[in-house]
Amino acid sequence: MIIVAIWFVSRMPFLIDDIISAQKELHKFRSTLHTHKDSDDHERFIFPFLCGSYFTYRRIDVERIASIAKSVSNDPSYLDIGCGYGDFLEKVRQYLPKAEGMEKSVEMFFKLGRYKPDYIKIGDAYNEIEKKYDVIFVGWMEPGVDYRDKIAEKTEVIITTFDKGGQCGVNGGCEMEVFGYERVASWVTPSWIDVNTELMNKYYSKLSDEIIKSLSKLRGAHNLWYVYAKPKYKESIKRTLRKQEEENQVNSPYPHEKILDDCGFEVGELLHSGPTSLELWKISFDA
């Protein structure tokens, strides 16, 4: 039997004790296992809640989101619901300086002594989205929780990223068509769980290269990024994304992207999921 140690806290909603426990494990990792030259970037995939996010992204994802927002408005407003500490939001703000976040857990900031920037509001998406936004991003919705109707009242464009298992309260799906939106485009990124497992096997276990290669064939989890819009914005968003894809001009990758490449999750890599193969980061346009 092969046992590989993986440090992460359970999915939301978190108890503060769980977060404190994870923080202790992070300190332990830094003091005892912080030996690899890329350990700082490893942390975001080993401790995603504390050091990264629960979805895997590259700069290309951030630039796509920024381009979508700018196709809707010259000075777009943007809200990230469930933004956590704001890891992804911080990257988006480099392109959309007025972007805001909403996080319902006040404890995770103050009991761990984390700084809460002014652009992150403590609030609940059910009742506390106070104004309309050009774009709302939802990176995580707890299983069984469904506030799609609340989001639909506050924006014309919604971008989501959910894992293959699905969230929400309607048959595990988070589709937005029932609220008058049309799906414009989608793409696939690897699940942080698969990246986490591959990373731990490769750098923090004593498994042979042969075994690691065989285990990599078992991965099949992935994240699904969906872009929804009201009909009047559909074609402009498509044109923007197509132009970006054709030009294929992406700024310098983030440092953590090297980890994705090293672990076999390159842009264009085929991810086998059941009878189908999915091309990572390839945009699929809806009719």
Computed lengthening from Lys121 to Thr32, 0.36 nm per intervening residue step minus Cα-Cα distance: 28.5 nm
Estimated inter-spin distance, Glu266 and Gln94, nm [label 7 Å along Cα→Cβ]: 2.3
Label-point separation, Asp146 to Lys258 (7 Å along Cα→Cβ), nm: 4.5
Cβ-defined net charge surrounding Val157, 12 Å radius [Lys, Arg +1; Asp, Glu -1]: +4
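Compute the length gained on full extension between Glu25 and Lys243: take 0.36 nm times their separation in residues and subtract their Cα-Cα distance, giving the result in nm to one decimal.
Details: separation 218, 0.36 × 218 = 78.48 nm, distance 4.43 nm.
This chain segment gains 74.1 nm when fully extended.
At a 10 Å Cβ-Cβ cut-off, how would you order His256, His42, His27, fewest neighbours first?
Details: His256 20, His42 23, His27 10.
Going from sparsest to densest Cβ surroundings: His27, His256, His42.
Values in this text are rule-based calculations from the coordinates and carry no lab data. Keep in mind the model is a prediction, meaning the values are calculated, not measured. Glycine also receives a Cβ, built like all others from the backbone with ideal geometry; neighbour counts cover every protein chain displayed.
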